[in-house]
Amino acid sequence: DVVRALFLAADSLEMRLRQSRRQSTLPRNAGKPWSSDEDERLLAGFDASTRVDELAATHQRTRAAIEARRVKHGRLEADQTPAVRIR
C-alpha cells in the first residue's frame, strides 16, 4: 500500500509539473474571456488584413483562438480554417 501511495504521489507531482510547463509556454491571455473592446480591436485587425501571427502576439492569444474568433465573427468559414500545428 505504501509503495502504491508513493507511485500515485509521484505521478501527481509529474502531472503538475507538465501542466506548469505547458502553461508557461502559453500566451498571457490564453483561456481568458474576450472583452468587447478586445473583440473590436481584433475585428479592426481582421479588416486591415493583419496577419494571424501578429494578431496573436498583439492580443497575447494563441493562433487557434484568433482563428476561432474569425469564425465566430463571420470573417472566416469554419471549413476554411488552416490546420493547427500541435507542439
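The values are calculated or read from the model by the stated rules, or taken from the named source; none is laboratory data. These figures come from a predicted structure and were not determined experimentally. In this analysis, Cβ positions are derived from the backbone assuming ideal geometry, glycine residues included, and neighbour counts consider all displayed protein chains. Ligands, DNA and RNA are stripped out before the accessible areas are found, and what is left, the full protein with its side chains, is counted by its heavy atoms. Shrake-Rupley method; radii C 1.70, N 1.55, O 1.52, S 1.80 Å.
Would you please put 57-67, 34-44 in order of how densely packed they are, using the mean number of other Cβ atoms within 10 angstrom per residue and starting with the highest?
With the highest mean Cβ count within 10 Å placed first, the list reads 57-67, 34-44.
Which value, in Å² rounded to 10, gives the accessible area of SER24 with a 1.4 Å probe and all protein chains present?
90 Å²
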